[in-house]
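I have placed the structure first, in the form of structure tokens, so that the comments after it can refer back to it.
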Amino acid sequence: MTNEQLLVPADLQSVLSHDESYRRAVNLLTENWDPEQNHLFSDLVKSSDVIFAQKLQTANLIKGKFSLSDYQQVQYFISNHEQWLTQSAKNELLKSFE
């Protein structure tokens, strides 16, 4: 038995359609985030992006450049990309290590 978790139908639909939630989670995991992409406002990583990225990693659908379950890698990600993150996203990234 593996540690893989199945996605709920709504999350599966996001994966299959590559909707905005999916793209945001993949961009987070691949460290391909551009907060200035939309010139009208800074598009920062939100807690919902972190939660969906965690689901994708746990289901082994997207490996990403770092593991969201490794404290050292998460801390390194936060220190390198703090300007991308809302406070709630930082809190969500660290939540499982408290």
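Side notes on the structure shown:
- Top-ranked residue of the range 67-84 - restricted to ones that are crowded, with 19+ Cβ neighbours inside 10 Å and touching a helix residue (DSSP H, G or I) at 6+ places or on another chain (Cβ under 7 Å), ranked as farthest from LEU7 (Cα to Cα): VAL74
- Applying the condition of being out of contact with any strand residue (DSSP E or B) (no Cβ under 7 Å at 6 or more places or on another chain) and of a type in the set (A, V, I, L, M, F, W, C) to the range 79-98 and asking which residue is modelled with the lowest pLDDT yields PHE97.
- Residue within the range 67-88 that is part of a helix (DSSP H, G or I) and under 21 Å from VAL8 (Cα atoms) present: no
- Which listed residue is free of Cβ contacts under 8 Å to residues at least 24 places away in the same chain, out of contact with any Cys (no Cβ under 6 Å at 6 or more places or on another chain) and among the small types (Gly, Ala, Ser), from SER79, SER88, SER47, SER69: SER79
- Leading residue by the ranking (modelled with the lowest pLDDT) among those in the range 24-35 that are surrounded by 14 or more Cβ atoms within 10 Å (Cβ to Cβ) and not hydrophobic (A, V, I, L, M, F, W, C): PRO35
- The residue of the range 50-66 that is nearest to SER14 (Cα to Cα), among those that are assigned to a loop (DSSP other than H, G, I, E, B) and of a type outside the set (A, V, I, L, M), is ASN60.
- Exclusive hit being modelled with pLDDT under 95, polar (S, T, N, Q) and touching a Ser or Thr at 6+ places or on another chain (Cβ under 8 Å), set ASN3, ASN38: ASN3
- SER17 vs. criteria among the small types (Gly, Ala, Ser) and at pLDDT below 95: no
- Exactly one residue out of LYS46, LYS55 is surrounded by 17 or more Cβ atoms within 10 Å (Cβ to Cβ) and of a type outside the set (A, V, I, L, M, F, W, C), and it is LYS55.
- Flag not set for GLN13, criterion: over 10 Å from the mean Cα position of the chain (by Cα) and loosely packed, with under 12 Cβ neighbours inside 10 Å.
- Taken as a whole, the structure places SER21 among residues that are without any contact (Cβ under 8 Å) to a residue 60 or more places away in the chain, of a type in the set (S, T, N, Q), farther than 21 Å from GLU98 by Cα and touching a helix residue (DSSP H, G or I) at 6+ places or on another chain (Cβ under 8 Å).
- Inspection of the range 25-43 finds no residue satisfying the criterion of being touching a Lys or Arg at 6+ places or on another chain (Cβ under 6 Å) and not in a loop (DSSP other than H, G, I, E, B).
The values are calculated or read from the model by the stated rules, or taken from the named source; none is laboratory data. Everything numeric here is computed off the predicted structure, so don't read it as measured data. Virtual Cβ from ideal backbone geometry, glycine too; neighbours counted across all protein chains shown.
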